[in-house]
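Okay, structure first, notes after.
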Amino acid sequence: MATGCLMAAAICAALAPGALNDIDKTPGDVRTMSRQTICTTKTTTVRNVTASTKKKVFALYGLTNKTGWCKKAGCEVDHLISLELGGSNDAKNLWPQPYAGEWNAHQKDKLENRLHRLICDGTLTPKEAQQAIASDWITAYKKFVAPPD
């Protein structure tokens, strides 16, 4: 399975299943790249992932919320490029991300919040933040949220 993992193959293979999206199934998709729109839009006004879309995303990965890497603690159908970074609700931007494991949906939320702040304070462009999270969110987390000492 291809993933968004750009790390050394051995490190990538050691990640828990589902920690990264399958880039062939979830390459990412954006609805906007305007800093002003990103920084002034409430995600509740653009969030629109239907139950049928979630079911389709689970099926694309051969899962349900109670099978495979979702079995232990469940999964959320997560936006690869989060709405707060200008991501879309399209299935190309969604994957079943586990709540369990070191690299889980809660950890990715921290990165999304940090990248949003960096866009809005002008440190990153929307495109830079979108590319960082879409190419390998774990590497982006290590760079922007918990950089090595």
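The values are calculated or read from the model by the stated rules, or taken from the named source; none is laboratory data. From a predicted model like this one, the values you see are computed outputs, not experimental measurements. All Cβ positions, even for glycine, are placed from backbone atoms using ideal geometry, and neighbour counts span all protein chains on display.
Somewhere in the stretch 127-134, is a residue modelled with pLDDT of 95 or more and of a type in the set (S, T, N, Q)? Looking through the stretch 127-134, at least one residue is modelled with pLDDT of 95 or more and of a type in the set (S, T, N, Q).
When the stretch 84-135 is filtered for residues that are touching a strand residue (DSSP E or B) at 6+ places or on another chain (Cβ under 7 Å) and either of a type in the set (D, E, K, R) or touching a residue at least 40 places away in the same chain (Cβ under 8 Å) (or both), the ones remaining, listed by number, are 86, 87, 88, 93, 94, 95, 96, 97, 98, 104, 108, 130.
Taking the criterion of being at pLDDT below 95 and not in a helix (DSSP H, G or I), the residues of the stretch 25-47 that qualify are 31, 32, 33, 34, 41, 42, 46, 47.
Under the condition of being basic (Lys, Arg) and part of a helix (DSSP H, G or I), the residues counted in the stretch 65-96 number 1. Only residues that are surrounded by 14 or more Cβ atoms within 10 Å (Cβ to Cβ) and more than 14 Å from residue 114 (Cβ to Cβ) were counted across the stretch 131-149, and they come to 4. Count of the stretch 116-133 residues, restricted to those that are within 12 Å of the chain's Cα centre (by Cα) and either outside any helix (DSSP H, G or I) or under 12 Å from residue 86 (Cα atoms) (or both), is 4. The residues on offer are 23, 81, and the sole one that is out of contact with any strand residue (DSSP E or B) (no Cβ under 7 Å at 6 or more places or on another chain) and among the β-branched types (Val, Ile, Thr) is 23.
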